[in-house]
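For reference, the structure is listed below as structure tokens.
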Amino acid sequence: MLELKNIHKFYNPGTVNEMCLFENFNLSVPTGQFVSVVGSNGSGKTSLLNLICGSIDLDGGQVLIDGKDIAKQKEYQRQKYMGRVYQNPAMGTCPQMTILENMSLADNKGKFFGLKRGTEKARIEFYRENLRQLGLGLEDKLDIKVGSLSGGQRQAMALLMSTMTPIDFLILDEHTAALDPKTADLIMELTDKIVREKKLTTIMVTHNLRYAVEYGDRLLMMHQGQAVIDAAGEEKEKIRIEDILERFNEISIECGN
């Protein structure tokens, strides 16, 4: 289980621009749950992911995994059991390296390389089989540099690479936002397949309300560092896009917009 307890996070502390984003924020995510997170810009969505992954430091509180506080762990230490896919397809792959080299790099995450060759011939067929499930023909282009691929192909690879080694948590930071609608649908179908097959605890930030409603076991709507909607199970299944839009409108009126 992932737990955030009494989280405090300030930006620009001690200045006229000081802002408290999270104050005594609490969140529990049971093992294996797929959480979709929506909210307006500045509501705390990406900051929530950054706190979980260790990309930014806490100002107070705990981040617990199965009761163990990992708040002091560095980002690279958490990557051993967390995979993250970003909004920008370029961030999850190395453009100057080939597909084969990228796959090998992901396959060896957290391992000591030593002075041996970076790519093991014995693993090449394994990489092909993994790429074949994408249905993009990448298994026949192992020597192509990743930088020459389309954004959708790179994002599909980033998703695959982030889950290649055994992990417990998958963090998705608007990972379909930069893609065209057809490719985004493909990536979401692939995401759902991987999450279910690997039984990953998943937190997905998205601006696509249809994806938030259709995918996952739980839906959170963030506003000013708080969850104003938290629906799981049958309650989540009853939520419609119109319900979320109505809440957005209420918040907009409350804020004077």
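The values are calculated or read from the model by the stated rules, or taken from the named source; none is laboratory data. Fair warning: this is a prediction, and the values are worked out from it, not measured in the lab. Note: ideal-geometry Cβ built from the backbone for every residue, glycine included; neighbour counts use all protein chains shown. What goes into the accessible areas is simple: the full protein's heavy atoms, side chains included, and nothing from ligands, DNA or RNA. Shrake-Rupley method; radii C 1.70, N 1.55, O 1.52, S 1.80 Å.
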Within segment 84-111, of all residues that are in contact with a Phe, Trp or Tyr (Cβ under 7 Å, 6 or more places away or on another chain) and modelled with pLDDT of 90 or more, the one least open to solvent (accessible area, probe 1.4 Å) is 103
Show the residue pairs meeting these rules: Cβ distance below 9 Å; 6+ apart or different chains; first residue within segment 55-82 and among the polar types (S, T, N, Q); second residue assigned to a strand (DSSP E or B) and surrounded by 15 or more Cβ atoms within 10 Å (Cβ to Cβ). 55/84; 62/3; 62/4; 62/5; 62/7; 73/63
So is residue 28 at pLDDT 95 or above and either touching a helix residue (DSSP H, G or I) at 6+ places or on another chain (Cβ under 7 Å) or open to solvent by 40 Å² or more (accessible area, probe 1.4 Å) (or both) or not? yes
Can you find even one residue in segment 31-44 that is open to solvent by less than 20 Å² (accessible area, probe 1.4 Å), among the β-branched types (Val, Ile, Thr), under 20 Å from residue 64 (Cα atoms) and under 16 Å from the mean Cα position of the chain (by Cα)? yes
If you go through 120, 189, 174, 197, the only one that is touching a strand residue (DSSP E or B) at 6+ places or on another chain (Cβ under 8 Å) and either farther than 21 Å from residue 102 by Cα or surrounded by fewer than 16 Cβ atoms within 10 Å (Cβ to Cβ) (or both) is 174
Within segment 177-186, take every residue that is of a type in the set (A, V, I, L, M, F, W, C) and over 15 Å from the mean Cα position of the chain (by Cα) and give me the one that is most open to solvent (accessible area, probe 1.4 Å). 186
Strands (runs of 3 or more DSSP E) contained in segment 169-257 and holding at least 1 residues farther than 14 Å from residue 85 by Cβ and modelled with pLDDT under 95: 218-223, 226-232
